[in-house]
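Before any comments, here is the structure.
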Amino acid sequence: MNLDIYIENFAQFLMQSNTAALSRILASAHWQRQAVPLQGGLLKDFAVDPQSDWPVAPLVAVAHGLENHQDYYLLANLVHLDLRTDYFSAQSLSDISSEHSDAIIDCLNLHFQDRQLLFSPTSHPSMMLISTTQLPLINTHNLSDVEGRDVRNYLPAGEDALHWRMMMNEMQMLLHAHPANQEREQQQQLAINSLWLEGGGRLPSRSMKSNTTLMSNHDMVRGLARFSACEHLELVASFAELEYHDHLVIWMQANPELESLWFEPLLEALRGATVKHLNLYFSIAGNTYHLTLKPLDVWKFWRRTKPLSQYFVEIEHAS
């Protein structure tokens with residue numbers, strides 16, 4: 001089996017203490033750093049070209065059967081802006097209920113209906129889809145790449161940036177007064193006080209790799225599978241649950257159990273040549289780290305293992 005694994009938000013995994021299997025994989029692999037977001041790395045591999053952004057939003061629209069070749073799409077993430085010493089940072093929210101998300105969407109649609117903006121739900125209550133017949137001249141940054149940083153450096157840029165920043169301010173005022181936040185305050189939950197825009201574009205003209213199987217719970221990957229006429233599978237809980245495919249592409253979020261549920265059995269599969277070729281892609285601070293391994297690579301015991309973070313520092317210096 002040829003296996004590609006894309007792991008979002010990998011930086012949070014770097015502080016794990018028990019990572020013997022991953023450390024061996026990292027020590028054995030061939031490295032490359034790419035100055036593109038993780039989503040861009042996947043879409044590029046499927047021959048989807050970048051627009052002002054990597055067109056993630058239109059593929060999410062495809063996943064929900066909402067696609068229209070004339071419309072422009074943006075993703076809008078419901079976030080909490082956290083005041084640090086002298087700046088605001090964006091924080092994703094995983095505890096938003098569908099009821100609150102739907103109520104916020106209704107509020108936004110009512111407010112922006114005369115400006116040709118339509119807000120639609122996605123599979124994740126914290127993320128909504130914006131569609132418009134206009135063509136915004138902006139470019140954005142992915143929320144996963146800017147969390148914890150000064151948001152002023154990552155707001156929408158481009159010819160129409162001021163217009164969209166003003167609309168984001170309107171959205172913030174609507175959220176501030178919304179009953180959903182009153183209920184969240186009573187439950188001692190963080191306020192939903194902003195939206196983070198990303199992944200804008202129109203439906204791509206083409207895609208390739210219809211012989212690939214895609215596995216993920218992410219709407220972008222579901223849409224990419226449908227758009228590319230690929231088989232799509234929901235993400236399994238562990239490597240042990242995978243069935244054989246000639247070429248399997250997996251998209252997942254980093255989590256504390258990656259070592260035991262994925263990296264340890266993956267290392268054994270490489271040693272046993274069950275996996276013939278492995279591509280690993282990690283997302284850290286807006287860069288994509290690409291590792292390649294074949295079964296013979298993991299037997300190179302003279303390559304000593306190191307602390308996880310040291311690998312990424314060294315590849316950064318070498319690039």
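The values are calculated or read from the model by the stated rules, or taken from the named source; none is laboratory data. No experiment lies behind these values; they were computed from the predicted model shown. We place every Cβ from the backbone using ideal geometry, glycine too, and count neighbours over all the protein chains shown.
Selection of the stretch 201-249 for residues being surrounded by fewer than 17 Cβ atoms within 10 Å (Cβ to Cβ), over 17 Å from Gly65 (Cα atoms) and of a type in the set (Gly, Ala, Ser) yields Ser210, Ala237, Ser238, Ala240. Restricting Ala103, Ala76 to residues that are aliphatic (A, V, I, L, M), surrounded by fewer than 19 Cβ atoms within 10 Å (Cβ to Cβ) and touching a residue at least 60 places away in the same chain (Cβ under 8 Å) narrows the list to Ala103. Checked against the criterion of being closer than 21 Å to Gly286 by Cβ, touching a residue at least 24 places away in the same chain (Cβ under 8 Å) and not assigned by TED's automatic domain parsing to the domain that holds Leu258, the candidates Ala57, Ala11 yield just one match: Ala57. Number of residues in the stretch 135-150 that are among the hydrophobic types (A, V, I, L, M, F, W, C), crowded, with 16+ Cβ neighbours inside 10 Å and modelled with pLDDT of 95 or more equals 1.
For Leu197, the test of being surrounded by 17 or more Cβ atoms within 10 Å (Cβ to Cβ), within 18 Å of the chain's Cα centre (by Cα) and at pLDDT 95 or above is passed.
The numbered conditions (1) surrounded by 18 or more Cβ atoms within 10 Å (Cβ to Cβ); (2) under 23 Å from Leu66 (Cβ atoms) are all true for Pro121 except (1).
Restricted to helices (runs of 4 or more DSSP H) entirely inside the stretch 176-286, those with at least 2 residues that are over 30 Å from Leu83 (Cβ atoms) are 219-228, 264-271. Considering only residues in the stretch 149-162 that are in contact (Cβ under 8 Å) with a residue 12 or more places away in the chain and over 24 Å from the mean Cα position of the chain (by Cα), the one that is nearest to Ala103 (Cα to Cα) turns out to be Asp160. When the residues of the stretch 3-34 are filtered to those that are part of a strand (DSSP E or B) and of a type in the set (Phe, Trp, Tyr), the one that is farthest from Val298 (Cα to Cα) is Tyr6.
Residue by residue, here is whether (1) surrounded by fewer than 16 Cβ atoms within 10 Å (Cβ to Cβ); (2) under 20 Å from the mean Cα position of the chain (by Cα) holds:
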site: Lys44; (1), (2): yes, yes
site: Ala47; (1), (2): yes, yes
site: Ala63; (1), (2): no, yes
site: Tyr72; (1), (2): no, yes
site: Arg84; (1), (2): yes, no
site: Tyr87; (1), (2): yes, no
site: Ser97; (1), (2): yes, no
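Are any residues in the stretch 231-246 within 24 Å of Met208 (Cβ to Cβ) and either charged (D, E, K, R) or not assigned by TED's automatic domain parsing to the domain that holds Pro265 (or both), and if so, which ones? Of everything in the stretch 231-246, those that are within 24 Å of Met208 (Cβ to Cβ) and either charged (D, E, K, R) or not assigned by TED's automatic domain parsing to the domain that holds Pro265 (or both) turn out to be Glu231, Glu234, Glu243, Asp246. Filtering the stretch 213-259 to residues that are touching a residue at least 60 places away in the same chain (Cβ under 8 Å), hydroxyl-bearing (Ser, Thr, Tyr) and more than 15 Å from Val62 (Cβ to Cβ) leaves only Tyr244.
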